[in-house]
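Worksheet: one structure, shown below.
Taken together, the values in this text are just the output of simple stated rules run on the coordinates, not laboratory data. Remember, predicted model here, so these are calculated numbers, not experimental data. We place every Cβ from the backbone using ideal geometry, glycine too, and count neighbours over all the protein chains shown.
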Amino acid sequence: MPAMPALPTIKISDMRIPGTVRQAPAPDPSLESIIYWRVIEDDILIVHADTNGCTSRADFRVDVQQYLDDIYTVRLTRRAADRCQTEAPWGIQLGFGFEELGVPIGGQVIVLNPVDTERPWDWNENRTFVASRR
């Protein structure tokens, strides 16, 4: 499989929030890195986190703060180390509904955990660990 072409790197902290002169909040380097995050269906935050096979949603404390109007920041802090030994190079997907996060309808979220930019993005066909929403 040919290597995926390099994509431009855009830092969230470099972006401006539409309709304002405020900068978007910067990632917090003291937090655990995540593989990536995204929002689906406009109301579910999906965080792809590292795991050794025993990570679940309950292993993270989720702190949500209102940043500006309808923009909220999310910090994920692992409560306990994942001590399993299963090889899971692509981690696990964890889903959090906006309602449970306290984000209103139409709200937006920004995850402040840094994204692991050293991870190669070559989707391996031999991947056997299936991620699921818990």
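Once both labels are modelled 7 Å past Cα along the beta-carbon direction, what's the ALA58-THR117 spacing in nm?
In this crude label model, ALA58 to THR117 measures out at 3.7 nm.
What does the charge dipole of the stretch 27-111 about its Cα centre add up to, to the nearest 20 debye, if the Cβ of each Lys and Arg holds +1 and the Cβ of each Asp and Glu holds -1?
Taking the Cα centre of the stretch 27-111 as origin, the dipole is about 380 debye.
Say the dipole of the stretch 27-111 comes from +1 at the beta carbon of Lys and Arg and -1 at that of Asp and Glu; which of PRO104, ILE40, LEU76 then lies farthest toward its positive end?
LEU76
Give me the mean projected area, in nm² to one decimal, of the convex hull enclosing the Cα positions of the stretch 27-111.
Result: a mean projected hull area of 5.5 nm².
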